[in-house]
Amino acid sequence: MRLDTYGWLVLLEIALAVPTLLSLVFIPAPYGRHERKGWGPTIPARVGWIVMESPAVWFFAWVYFLGPNALRPVPLVLLALWQLHYVYRAFLFPFLLRAEGRRMPVTVVAMAFLFNLLNNWVNARWISAMGDYPADWLSSTPFLVGCALFLGGFTLNVTSDRTLRNLRAPGETGYRIPRGGAFELVTAPNYLGEIIEWTGWAILTWSPAGLAFAVYTFANLAPRAVSHHRWYRERFPDYPAGRKAFIPFLL
Ligand code: NDP
């Protein structure tokens, strides 16, 4: 990768992972169960999710279709995988949430929105302009391994989101101990799924942009998984003792 504007922006994304990780270890992002006063004006959580995640659909597609390789088969497959995740996250997940009365600070939404612009630009630009994928890339080892991780991570993420959602009846706002499946091993299989998914993306695109996003996703979600884990332990005396935060048997 050359150190032109593109290269510097990829490095910027990787560099941002460091302060993100360090700050989230001490200050959990103030939404959901970690919501607290002092973060300025708020908006309904559902609206927040749509606003901050939707650039990954429309902005990504716009940048992608400006690229010279946009109509080639391999970039189109990569586009479809990306959009599979983000159509779910931006336009299905917010409507499925049981988040009555939940609000989100505009600061959180704004930071995520800006991060998405950067991340979407480097990734979309890579797959339709900078990356050079031969027609047989779809049968290459990096693509097959990465794709298995991506789809496996996506499945874990979506099914874990569903388990969490079903812990509440419509209109309820409290918390219960999640049980079953990957929740028997870790507190946050939704975050583990997301980390696996974007690691898969890094491998299947074999790109610096994919690597930057995988690193950033880890920096963003690993400390949040640990904060959630601590939160459950402090509130539920019967929280399963052997359950880890997000890496089975380890952390
Ligand atoms: P959480 O696990 O904190 O919450 C998900 C939903 O489930 C919320 O509506 C939450 O309610 C509810 N919930 C969680 N635990 C319980 C429980 N024990 N009992 C009842 N309800 C519960 O996830 P996030 O909101 O942080 O993230 C949502 C999704 O977005 C995840 O799949 C995550 O992977 C993804 N994400 C990805 C990021 C990335 O960097 N790529 C960044 C952030 C999120 P409430 O909000 O009221 O707590």
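In region 12-21, what residues are closer than 10 Å to ALA212 by Cα and either touching a residue at least 40 places away in the same chain (Cβ under 8 Å) or of a type in the set (Val, Ile, Thr) (or both)? Correct list: LEU12, GLU13, ILE14, LEU16, ALA17.
Looking only at region 217-233, decide whether some residue is farther than 20 Å from VAL25 by Cα and in contact (Cβ under 8 Å) with a residue 24 or more places away in the chain.
Kept after step one, since they are farther than 20 Å from VAL25 by Cα, are these residues of region 217-233: none.
No - not one qualifying residue is present in region 217-233.
The residues of region 24-66 that are small (Gly, Ala, Ser), closer than 26 Å to ALA214 by Cβ and away from the ligand (no atom under 14 Å from the Cβ) amount to a single one, ALA61.
Candidates in region 89-112 are the residues that are under 13 Å from the mean Cα position of the chain (by Cα) and open to solvent by 20 Å² or more (accessible area, probe 1.4 Å); of these, the one that is farthest from GLY38 (Cα to Cα) is PHE93.
Is it the case that ILE247 is touching a helix residue (DSSP H, G or I) at 6+ places or on another chain (Cβ under 9 Å) and in a helix (DSSP H, G or I)? Criteria not met by ILE247. Report yes if some residue within region 147-163 is modelled with pLDDT of 95 or more, in contact with a strand residue (DSSP E or B) (Cβ under 8 Å, 6 or more places away or on another chain), open to solvent by 10 Å² or more (accessible area, probe 1.4 Å) and within 22 Å of VAL108 (Cα to Cα); otherwise report no. No, region 147-163 contains no residue that is modelled with pLDDT of 95 or more, in contact with a strand residue (DSSP E or B) (Cβ under 8 Å, 6 or more places away or on another chain), open to solvent by 10 Å² or more (accessible area, probe 1.4 Å) and within 22 Å of VAL108 (Cα to Cα). Taking the criterion of being crowded, with 24+ Cβ neighbours inside 10 Å and either among the polar types (S, T, N, Q) or in contact with a Ser or Thr (Cβ under 6 Å, 6 or more places away or on another chain) (or both), would at least one residue in region 202-223 satisfy it? Looking for residues that are crowded, with 24+ Cβ neighbours inside 10 Å and either among the polar types (S, T, N, Q) or in contact with a Ser or Thr (Cβ under 6 Å, 6 or more places away or on another chain) (or both), one finds at least one in region 202-223, hence yes. Selection of region 190-215 for residues being in contact with a Lys or Arg (Cβ under 9 Å, 6 or more places away or on another chain) and more than 8 Å from the ligand (Cβ to nearest atom) yields only ALA209.
Residue pairs whose Cβ atoms lie under 6 Å apart, separated by 6 or more positions or on different chains, with the first residue in region 49-65 and within 15 Å of LEU81 (Cα to Cα) and among the hydroxyl-bearing types (Ser, Thr, Tyr) and the second at pLDDT 95 or above and open to solvent by less than 30 Å² (accessible area, probe 1.4 Å), are TYR64/ALA70; TYR64/LEU79; TYR64/ALA124; TYR64/SER128.
For region 169-194, a residue qualifies if it is modelled with pLDDT of 95 or more, open to solvent by 20 Å² or more (accessible area, probe 1.4 Å) and in contact with a Gly (Cβ under 9 Å, 6 or more places away or on another chain), and the qualifying residues are ALA182, GLU184, LEU185, LEU192, GLU194.
The values are calculated or read from the model by the stated rules, or taken from the named source; none is laboratory data. Please read all numbers here as calculations on a predicted model, not as lab measurements. For neighbour counting, all protein chains shown are included, and Cβ atoms are generated from backbone atoms with ideal geometry for every residue, glycine included. These area figures cover heavy atoms from the full protein model, side chains too; ligands, DNA and RNA do not enter into them. Shrake-Rupley method; radii C 1.70, N 1.55, O 1.52, S 1.80 Å.
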